[in-house]
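Here is the structure we will look at, set down as structure tokens.
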Amino acid sequence: MKKKYQNGFLIFGLVVLALMVSQLDFKEVWEGIQRAGYWFLAVVLLWAVLYIFNTGAWWIIIKSGKKNEGDKPFSFLWLYKITVSGFALNYATPGGLMGGEPYRIMSLSPYIGTERATSSVLLYVMTHIFSHFWFWLLSCVLYVITQPMNIPMGILLACVAAFCLTAIWFFLKGYKKGIAVSGMRILSHIPFVKKWAKRFFENHAEQLRTIDLQIAALHGQNPRTFFCAVGLELTCRVVSALEILFILLVIMPSANYLQCILILAFTSLFANMLFFIPLQLGGREGGFLLSTKGLAIGAREGIFVALLVRLREIIWTAIGLLLIKLEKKR
């Protein structure tokens, strides 16, 4: 990646990181860290493991693609670094998937070419989002099995389940036929970007079709690879509930893992509904309060969890931005 682009991503990330830090109450943060003790260290280290799942899913997608003669080798450790930096930029970007994905494509292109890098990143993003819908759908089932039900909650769960099933159907269709061309056609009807989208499609129609063919190839020709990538991402969602368990154990020794999965599911669903807010500021905290209240856990506990999760995000965002500058010039 050219140094000017690398510095551009870094400067943007640092500006938003400063915004993240400015939103914190430092006295409250320090008291929270003291109270959590070694459990907070466990939370931070847990994400070093979770990013291995994310990197593994992307690695599988890349390696399953058709290789070109000019491809250059790269290590899993290097891809891990790009993955962490990509998620750091995603945390800092309004819309979530607008900062990290261009960075991943630009970093990977010198190794496997622009078209293959683009298709692998798009396919990974689809897989990452696809696993979220499965996670939310399975969490609805888990709630019905483990929690007392009432009519309002039943209606809410039915709506969430219907939404997830519709999204899963849409993504399966996208896997079979590709999403690049159809995505640009959708953009060509949206105000403010339609002129740019039409011009981009006219100039890059052949490349977009090639990307769609590569996306469809993984689903159609390598179903085992497809299910393995989705399985890794879904496993990552489930294992990440340990973060909430570690924090709750500080103040609630009776906390159980199934409750933490439900808290994570409904918090992430609420936060993603507010995807347009940088860092999901306020959205994630509100999601924790609503989900913990729905599971008969006090608001104080919900605020404590939200505070430490936000602090963990800031730490890993800083690590990801630092790794951008550690990239070797190629």
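Just so it is clear, none of the values below were taken in a lab; they were calculated from the coordinates. In this text the structure is predicted, and so the values were computed from the model without any measurement. Reconstructed Cβ throughout: ideal geometry from the backbone, glycine too, with neighbour counts over all protein chains shown.
Structure values in brief
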| read-out | value |
| --- | --- |
| Tail weight of P(r) past 16 Å, computed on alpha-carbon pairs of the stretch 169-211, percent | 37 |
| Whole-Hz ³J(HN,Hα) from phi, Karplus 6.51 cos²θ - 1.76 cosθ + 1.60, for the stretch 143-148, glycine and proline x | 4, 4, 6, 10, 10, x |
| Vicinal HN-Hα couplings computed from phi for the stretch 106-114 (Karplus, 6.51 cos²θ - 1.76 cosθ + 1.60; Hz; Gly/Pro x) | 5, 6, 7, 4, x, 8, 10, x, 5 |
| Value of relative contact order over the stretch 128-199, rounded to a whole percent, pairs C-alpha under 8 Å and six or more apart | 30 |
| Protection-proxy order for peptides 201-209, 83-91, each taking the mean of Cβ atoms within 10 Å per residue, highest first | 83-91, 201-209 |
| Backbone HN-Hα couplings from phi across the stretch 310-317 [Karplus 6.51/-1.76/1.60, Hz, Gly and Pro as x] | 4, 5, 4, 4, 5, 4, 6, 5 |
| Centre separation in Å (Cα based) which lies between the stretch 71-89 and the stretch 30-55 | 21 |
| Theoretical FRET efficiency, 1/(1+(r/R0)^6), r = Cβ-Cβ of D71 and L165, R0 35 Å, to 0.05 | 0.35 |
